[in-house]
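Q: Quick one: the structure is below, and I'll ask about it shortly.
Where a number appears in this text, it was derived from the coordinates with a stated rule and is not lab data. All of these numbers come straight from a predicted model, not from anything done at the bench. Glycine gets a Cβ as well: all are built from the backbone with ideal geometry, and neighbour counts include every protein chain shown.
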Amino acid sequence: MACLGHAPIAVILLAVVFSCAPTLADLRGDLRDFVAIAPRRRIVYIAARYYIFDPRFRQAVGFVRSDEFLKTWQSVRAAPDVAALIDYLNEYGSGYDVTSLVDSLPQRLRAYQLSRTVPVEMMLHRDLTTFLREAVQTLPRAKVYALMSQKVRQGGDFAKFYKALRDKQFKILVDRARNSADLQAPLKRLHEKNINVDEILQILFEIINWGPQNP
């Protein structure tokens, strides 16, 4: 099985879905608490299996590691409706620039030596979304809910940010950005590389709904 390093690619990819929250002060500690209850070894195993057997997953990872991904991401970030969404997240996330996580993603992925040896006769047709859903299924949902509820009760930066994610205004801003004419070309390019933004957003909202309904 391919070795993905001490900080596996699976964890970094999942961060895009799970940690759109900024990593400032208390929120960084909150994020570490959630990562601590994730079954990291199981997720590493799933990621290694996908990387060996699934060319669509491998293509998506390769694209995220490339300079072309950064250019595509810059096009997305420059869209006015995306800028409005980012401003909303920053306002409720203690002022941290939430885009920095995606900015650093290609460089972080390039640090890992990923095997290119693939048994052609065993190739499958799963992709990044399939991987994320399988990885999410390994998460201890009851513990995630309990931790979310605890942090909401405690107040602080996490409670403020989580409430903003549950607010209908967040969904409105996401939908507006997703349907922006400015995004059609970069989203098409991501889709060509087996990165389905709609499905990733669906996973994001599903995980948000794991937490308390009335924060």
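Q: Highest first, please rank the peptides 198-210, 47-59 by the mean number of other Cβ atoms sitting within 10 Å of their residues.
A: 47-59, 198-210
Q: Here's something else I'd like to know. Place a point 7 Å from Cα of Arg133 in the direction of its Cβ. Which residues in the range 188-211 have their backbone N less than 17 Å from it?
A: 194-208
Q: If the chain between Val35 and Asp175 were fully stretched, how many nm would it gain, using 0.36 nm times the residue separation less the Cα-Cα distance?
A: 47.6 nm
Q: Beta carbons within 10 angstrom, averaged per residue: use that to sort the peptides 189-196, 169-176, highest first.
A: 189-196, 169-176
Q: Where does the charge balance sit around Asp127 when Lys and Arg score +1, Asp and Glu -1, over other residues with C-beta under 14 Å from its C-beta?
A: Counting the neighbours of Asp127, the net charge comes to +1.
Q: Can you tell me how much longer the chain between Ala78 and Gln107 gets when fully stretched, taken as 0.36 nm per residue apart minus their C-alpha distance, in nm with one decimal?
A: 8.4 nm
Q: Pairs Lys151/Lys171; Lys71/Lys193; Lys168/Lys193: which are spaced more than 24 Å apart, C-alpha to C-alpha? Show your work: numbers first, answer last.
A: Working: Lys151/Lys171 22 Å; Lys71/Lys193 14 Å; Lys168/Lys193 31 Å.
Pairs exceeding 24 Å: Lys168/Lys193.
Q: Can you compute the modelled spin-label distance between Asp87 and Asp198, with each label point 7 Å from Cα toward Cβ, in nm?
A: According to this spin-label approximation, the distance is 2.8 nm.
Q: Quick one: length gained pulling Arg141 to Gln59 fully straight, 0.36 nm per residue minus the C-alpha distance? Before the final figure, lay out each step's value.
A: On the way: separation 82, 0.36 × 82 = 29.52 nm, distance 2.96 nm.
Length gained, Arg141 through Gln59: 26.6 nm.
Q: Which net charge results for the neighbourhood of Tyr92, defined as the other residues with beta-carbon distances under 15 angstrom from its beta-carbon, given Lys and Arg at +1 and Asp and Glu at -1?
A: -1
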